[in-house]
Structure formats: structure tokens, C-alpha cells
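Please read the structure below before turning to the comments.
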Amino acid sequence: MRVVIIGSGRVGAGLAVMLTGRGDTVAVIDKDPRAFERLGEGFPGQAVEGIGFDRDVLEQAGVARADAVVAATGGDNSNIVAARIARETYKVPRVVARIQDPRRAAIYEELGIVTVATVGWTLGKIRDYLEHLPLKEEATFGRGEVALVRLELPQHLVDRSVGDLEAGGGLRVVSITRRGGALVPSAATALAEGDVVRLAVQSDARGRLDALLGEEARR
């Protein structure tokens, strides 16, 4: 994919390195040239100095050809403006904005702009969205140590038990929506095709959830 990332902070730089590592074409925009140091030596993408919602800067970064734009600066207002320009002016199909204010986030989700908040979960959530993984974060608790996620059960997990998903700790199946109804499962409950599973996921167990979902790709 071609991805434009606005902001070379912890989130933006981390995402840029992650995406270029898997072969995507990435341009990173930041008004502070020192911020590009977070990308590391030999970063294969493009670094563009400037304001992230300036159209000339966006065009220099290739927004007109972008498959996705991620606005990940530390300011809600800047991210909102950049995201709306990408969505409404350049018709970028996937737009993500880091927005800390939950009231604003709800408004922009309705406009088709995916929003993220806490740093600890941001990279995973953006990656899930760009890769079309069947996950959606619905809430976070504490300082983001635990998240409630909605999983549309992939085919390779059908007939597995809830206990299989929870093995190893840090993952807990809270509910299963099945054929219009819902239930609180036991460890022995078998997962079925079409299930929508809600899981409480501890941040340090995110890798295990990724591994479970990644089993399909390895088959």
C-alpha cells in the first residue's frame, strides 16, 4: 500500500517502520525535522517537512495516490483537519485520526474516519484496520491496559473452544453473539460460524491474539 503518515512521534514513526518493514510505500510528514530521527537510519520511506494539513505538503507526500492516510500528531485539531482534507478533498479510501476527545471521536467515526486514542493500542488498531483484520476496539479501561474488542470469528477458529482462545492468560471471552441472541460462554463453549466474539484483552496479551488470528495466513 501507499500510506501517508502525519506526525513522526512515537505512534507515527513506529507505524512507519512497521509498514515499510512489510514492504509498503510510506511518506511521513512532520513540521519538526528532528522528529524524523525516530525513523532510524536507512528508513526506506519519504520524509516530508511541513504542516500536515497543508495541501502542498500533502501532495508532496503523495496523498493523491495514497491508499491510506494516518493523522497521528499530538493535537486533535490538527489531526481532524488533516483527516477531513484526506477524506473529502483527496477521496483517500482509508483515513485514520488519533483523537483523544471521545466526544469528537464518535462524531468522526460517523463520517467514516476511524479514530484511535491511547498510544499502547494505537499501532495495533491502525494495523488491523489497514490489513482488514476482523477486529474492532470498542472500549479501553484504566490507562489502556485492557481493551474490549469485537471479533468477527474467522473460519479457522470455528469449532475451537473458548478455553482455547483464553489459554495462556490475558484474553477473556466476555460474550458471544450468535444468530441474533447473546450468551456468556464457559471455557467449554464451542465457537460457531458467524459468531461475533467480544474479548477483554490485556495489552501484554495482544501478541497472542495476533498469533491466533495469524494462524489462518499460515495454513
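The values are calculated or read from the model by the stated rules, or taken from the named source; none is laboratory data. Keep in mind that what you see is a predicted model, and the values were worked out from it rather than measured. So basically every Cβ, Gly included, is an ideal-geometry build from the backbone, and we count neighbours across all protein chains shown. The area values use the complete protein model at the heavy-atom level, side chains included, leaving out ligands, DNA and RNA. Shrake-Rupley method; radii C 1.70, N 1.55, O 1.52, S 1.80 Å.
When A82, A97, A64, A47 are screened for being surrounded by fewer than 17 Cβ atoms within 10 Å (Cβ to Cβ) and among the aliphatic types (A, V, I, L, M), only A64 passes. Within the range 183-219, the set of residues being farther than 20 Å from A147 by Cα, outside any loop (DSSP other than H, G, I, E, B) and without any contact (Cβ under 8 Å) to a residue 40 or more places away in the chain comprises A190, A217, R218.
Of all residues in the range 146-157, those being farther than 17 Å from K136 by Cβ and open to solvent by 30 Å² or more (accessible area, probe 1.4 Å) number 1. Restricted to helices (runs of 4 or more DSSP H) entirely inside the range 2-88, those with at least 1 residues that are out of contact with any Leu (no Cβ under 9 Å at 6 or more places or on another chain) and of a type in the set (A, V, I, L, M) are 55-60, 76-84. Scanning the range 158-184 for residues that are open to solvent by 60 Å² or more (accessible area, probe 1.4 Å) and either in contact with a helix residue (DSSP H, G or I) (Cβ under 7 Å, 6 or more places away or on another chain) or polar (S, T, N, Q) (or both), we see that the one that is farthest from V196 (Cα to Cα) is G168.
Taking the range 9-44 as the range and being among the charged types (D, E, K, R) and crowded, with 16+ Cβ neighbours inside 10 Å as the test, the residues that pass are D24, D30, K31, R38.
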